[in-house]
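*Asks:* Structure provided below as structure tokens; questions to follow.
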Amino acid sequence: FITIEIMTGIEDDFTSIAGARNTSVQVKDKSLAELEGKLNVIKSLVAGTPFEHDINYVEFDTKEIDVLDVIAVLTIFHNELNSNQNPVYCYSAKAQTLVKYLKNPQAYLKLGMISKDIFALHDHIKRSMKELYSKKTGGDFGKLKEIGYKNGHLKFPLKFSSRIDGEFEKLKYDIPSGFVYPILASLRFLLIENDQGFYNWRTDPFKFYDKKVGQDLINLTMEASKELGRNPMAVGKSVRHWNGLYNQVAATYLSSHQA
């Protein structure tokens, strides 16, 4: 027997639904890790953020943010763990990030000085993408096939940002994670390790993104999307694209620094 399930009217939420329905193993693993107290390091890294009480750590929890997404975003910036390779698996195989984390949770404390910035950058990329895209190309962002848009309604939440009247801040545009993760990961080049072994920034990542490199990263992302059939998931899984964005950040920083 083969069970077939057909869902209609989910075009705008297809990626998130597909991801949620493909996490049964890691859901059980994260629940066990929480029961054993192994997620306490993650809790310390998100303490004081606007979303610290919105994270679900166990199976059947109804809170909005999956701790697996939190771990994946943090793992992107763990340069030592990734051996200076672009961590494409943080998007394409999030279960691996939980496995890596559980091997050495204490190692993630190296991110303590920048953890709040990491999540703020994630949402900043989403928040600023429409403006930077339009400034670069003059195109209509809402008409792009890859971008969710509902007649200008504020529908799509920024879950790592401050709440507005108790609700998630919302955007008019739904920016796919397949676009956000590689752009976010390219800013790993700006990390430097201090004498105490903690990561810090070479320069202000927000100003650098807004003024130096953001438009170029978005342009490269949209070019990659066009080449890959307007498929954000394919963009997010493209090692070539991740490498290209990282190299763009490196070249931009080095040229401006030398100047």
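*Asks:* Could you order Arg127, Arg163, Arg188 so the one with the most accessible surface comes first? Probe is 1.4 Å.
*Replies:* Arg127, Arg163, Arg188
*Asks:* Using a 1.4 angstrom probe, figure out how much accessible area the stretch 122-259 has per residue, in square angstrom, rounded to the nearest whole.
*Replies:* 51
*Asks:* For labels at Met7 and Lys226 in the simple 7 Å Cα→Cβ model, what's the distance in nm?
*Replies:* 3.2
*Asks:* With every protein chain left in place and a probe of 1.4 Å, what is the accessible surface of Phe206, to the nearest 10 Å²?
*Replies:* Phe206 has an accessible surface of roughly 50 Å² with all protein chains in place.
*Asks:* Label points 7 Å out from Cα along the Cβ direction at Arg163 and Ser134: separation in nm?
*Replies:* Once both label points are built, they end up 3.0 nm from each other.
*Asks:* For Ile10, Ile4, Ile55, write out the residues from largest to smallest accessible area, computed with a 1.4 angstrom probe and no ligands counted.
*Replies:* The residues order as Ile4, Ile10, Ile55, largest area first.
*Asks:* Enter the accessible area of Glu169 (Å², nearest 10), with the probe set to 1.4 Å and all protein chains included.
*Replies:* The value for Glu169 is about 40 Å².
*Asks:* Leu254 label point, 7 Å along Cα→Cβ, cut-off 12 Å on backbone N: hits in the stretch 77-98?
*Replies:* none
*Asks:* Now, a different point. Contact order normalised by length for the stretch 25-118, with contacts defined as Cα pairs under 8 Å and 6 or more residues apart; what percent is it?
*Replies:* After rounding, I find 32 percent.
*Asks:* Between Glu36 and Phe198, what's the calculated FRET efficiency when r is the beta-carbon distance and R0 is 30 Å? Round to 0.05.
*Replies:* According to the calculation, E is roughly 0.70.
*Asks:* So, one more: Ignoring ligands, DNA and RNA, what percent of the 1.4 Å accessible area of the stretch 118-195 is carbon and sulfur?
*Replies:* Roughly 46 percent, rounded to a whole number.
*Asks:* Let me ask another. Mean Kyte-Doolittle hydropathy of -0.5 or higher plus an axial Cα length of 27 Å or more: which whole DSSP H helices in the chain meet both?
*Replies:* none
The values are calculated or read from the model by the stated rules, or taken from the named source; none is laboratory data. On a predicted model such as this, the values are computed, not experimentally measured, just so you know. No Cβ is skipped: glycine too gets one built from the backbone with ideal geometry, and neighbour counts run over all protein chains shown. SASA here: full protein model, heavy atoms, side chains in, ligands and nucleic acids out. Shrake-Rupley method; radii C 1.70, N 1.55, O 1.52, S 1.80 Å.
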